[in-house]
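Let me begin by presenting the structure, written as structure tokens, before commenting on it.
The values are calculated or read from the model by the stated rules, or taken from the named source; none is laboratory data. Computed from a predicted structure; not experimentally measured. Methodologically, a virtual Cβ is constructed for each residue, glycine included, from the backbone with ideal geometry; neighbour enumeration extends over all protein chains shown.
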Amino acid sequence: MELNRKTSNFPTRHTLQWAIIATLLTQGSTACTEGQAPNRGAPVGLAIDSGRPDADGAGRPESSAPIVEQVPNWLSGDWERAPCPGSQCNIWVARTPQISIKGLAWKPCEVSRSGCRELVVQWTPYLGRVLGFLGMDPMFAVAGSERPVLALGMLYPTSDYAVHDRSVEAVFDPDGRAIFAVAYEFSQKSTAVGALSVTPSGLTQALYSSKTTTQRYRMANWSSPNSFKDADRPLSSIGPGSIGGIQANGPMVLQTLWDPYTQYAVVSTQPAAPIAPTLDAVRPLANGFVGRSLGGRSILVVDSNGTSHEAHSAVPGRTISGVASIQTGTNSVVWVESAGTAPTLHDSVLYTAPLSNPTTKLVPRLVGSLPGTGGLGGSLMVAMNGMAVVVPDYDHVLLLRLSDGATWTLRAQPGEQFTQPLWADDTEVWIGAGSTHGTGIYENKTLRVPRDVFSKIN
């Protein structure tokens with residue numbers, strides 16, 4: 001879908017846009033432990049019924065075509081229909097991802113950057129938005145590895161610069177091989193909605209059908225990413241509406257609902273669930289979640305019991321314009337405070353702090369200011385390996401060392417826009433990017449840029 005640079009608040013595609021429901025899946029019962037996000041909130045490819053929006057915000061009307069009984073012919077390899085509760089649905093899961101999805105391939109970047117590599121788009125010949133990223137943290141290292149996996153959405157537009165009518169969400173291991181994949185087809189009649197969350201602890205898939213009163217959660221860990229354990233929950237214990245996106249963390253699931261009129265943030269294991277503040281930009285912590293309140297007044301932490309706590313609040317006149325957990329397995333947080341409102345935020349400053357437990361307050365340690373212009377604040381930010389990667393505006397990306405605030409930058413080339421920070425280590429930085437067309441940005445690139453290509457600015 002085209003993103004209008006003049007009117008769109010682009011980062012909302014990467015956040016849990018609506019209200020969040022925290023569904024605690026109890027270990028040891030029918031709910032099994034999960035073995036992101038990205039995220040990422042709402043995934044890039046939801047199977048939609050009756051005009052509800054997908055993660056792009058674009059409604060897709062229900063088709064009158066019958067539910068397809070055979071695997072769609074655009075899918076190759078070995079697939080099976082997802083076990084939607086009480087209904088067949090046009091959501092398909094790869095039985096053998098490595099033979100069903102082509103491995104990642106790389107080519108020299110189209111723009112002149114020494115040593116830069118760019119993902120080869122192998123799944124569609126069309127121009128436009130052809131990819132997306134799952135969750136707020138689309139790349140992360142799983143336990144026992146320092147190399148990251150990539151959670152990628154592959155979109156199939158119907159023509160150049162058109163919307164997509166099908167998509168595949170896949171997770172690729174550090175060697176570029178697919179280890180999980182789910183396909184969505186929007187052109188066929190379906191009463192089901194699906195959402196996927198991938199995190200360092202494993203995968204969680206949520207399936208809902210408008211024809212039943214049950215929602216199904218499927219969980220797998222990275223040692224067996226295609227061996228799911230199912231847990232069904234009555235919709236009465238979750239809240240009104242159907243799923244829009246999920247952020248999982250072990251046995252917990254923070255869930256959005258498609259409800260355009262009211263926003264819910266319900267901690268739910270029982271029908272009588274307490275109301276909690278609505279969260280935005282949610283990330284997993286070691287034992288819960290962190291996010292910001294709508295409007296950015298404060299940083300909120302949801303503990304393992306589903307209770308929300310205010311960990312930090314901005315001074316009057318400033319907002320929490322971005323927050324992320326540091327991918328270290330500890331409860332450490334980075335955040336940006338800014339003046340103004342998106343997309344014209346300014347005077348943005350990066351902080352970090354450990355969080356000893358969910359009930360304590362964050363004690364901010366100043367990392368440094370975000371130099372230059374950049375009206376997005378820290379809404380597009382990831383942190384790992386002692387670094388924060390921030391896209392403060394579409395025309396440049398910042399790399400900040402958390403220990404001392406040392407900062408490097410990379411400028412976009414003409415016609416290129418940066419859309420999503422992905423990963424940084426000692427050798428390279430991964431960045432999602434798009435091309436401009438008319439007034440829009442079309443996400444179509446995954447870049448791997450050597451660290452020495454970045455320019456040090458302080």
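Is there a residue in the range 437-447 that is closer than 26 Å to G115 by Cα, touching a Cys at 6+ places or on another chain (Cβ under 7 Å) and modelled with pLDDT of 95 or more?
Yes, some residue in the range 437-447 is closer than 26 Å to G115 by Cα, touching a Cys at 6+ places or on another chain (Cβ under 7 Å) and modelled with pLDDT of 95 or more.
Any residue at all in the range 368-387 that is under 20 Å from G340 (Cβ atoms), out of contact with any Ser or Thr (no Cβ under 9 Å at 6 or more places or on another chain), surrounded by fewer than 22 Cβ atoms within 10 Å (Cβ to Cβ) and not aromatic (F, W, Y)?
yes
Would you mind listing the strands (runs of 3 or more DSSP E) fully within the range 309-404 where at least 1 residues are of a type in the set (S, T, N, Q)?
Fully inside the range 309-404 and qualifying: 318-325, 332-339, 346-354, 365-369.
So, in the range 66-110, exactly how many residues are on the phi > 0 side of the Ramachandran plot and at pLDDT below 90?
Residues in the range 66-110 being on the phi > 0 side of the Ramachandran plot and at pLDDT below 90: 1 in total.
From the list S159, S223, S145, S210, which residue is under 23 Å from Q255 (Cβ atoms) and among the polar types (S, T, N, Q)?
S210
Considering every residue within the range 343-351, establish whether at least one is farther than 16 Å from L398 by Cβ and of a type outside the set (K, R).
yes
Determine which single condition D395 fails, assuming it passes every other condition in (1) over 19 Å from the mean Cα position of the chain (by Cα); (2) surrounded by 21 or more Cβ atoms within 10 Å (Cβ to Cβ).
(2)
Could you list all residues from the range 203-217 that are surrounded by fewer than 21 Cβ atoms within 10 Å (Cβ to Cβ) and part of a strand (DSSP E or B)?
If the condition is that a residue be surrounded by fewer than 21 Cβ atoms within 10 Å (Cβ to Cβ) and part of a strand (DSSP E or B), then T214 is the only one that fits.
Taking the range 398-426 as the search range and keeping residues that are more than 20 Å from V334 (Cα to Cα) and out of contact with any strand residue (DSSP E or B) (no Cβ under 7 Å at 6 or more places or on another chain), which one is surrounded by the most Cβ atoms within 10 Å (Cβ to Cβ)?
Restricting to residues being more than 20 Å from V334 (Cα to Cα) and out of contact with any strand residue (DSSP E or B) (no Cβ under 7 Å at 6 or more places or on another chain), the top hit is Q413.
Return yes or no: is R448 surrounded by fewer than 16 Cβ atoms within 10 Å (Cβ to Cβ) and of a type in the set (K, R)?
Considered against the rule, which asks whether it is surrounded by fewer than 16 Cβ atoms within 10 Å (Cβ to Cβ) and of a type in the set (K, R), R448 comes out as no.
Can you tell me which residue is nearest to P72 (Cα to Cα) among those in the range 186-202 that are at pLDDT below 80 and surrounded by 24 or more Cβ atoms within 10 Å (Cβ to Cβ)?
Filtering first and then ranking leaves S190.
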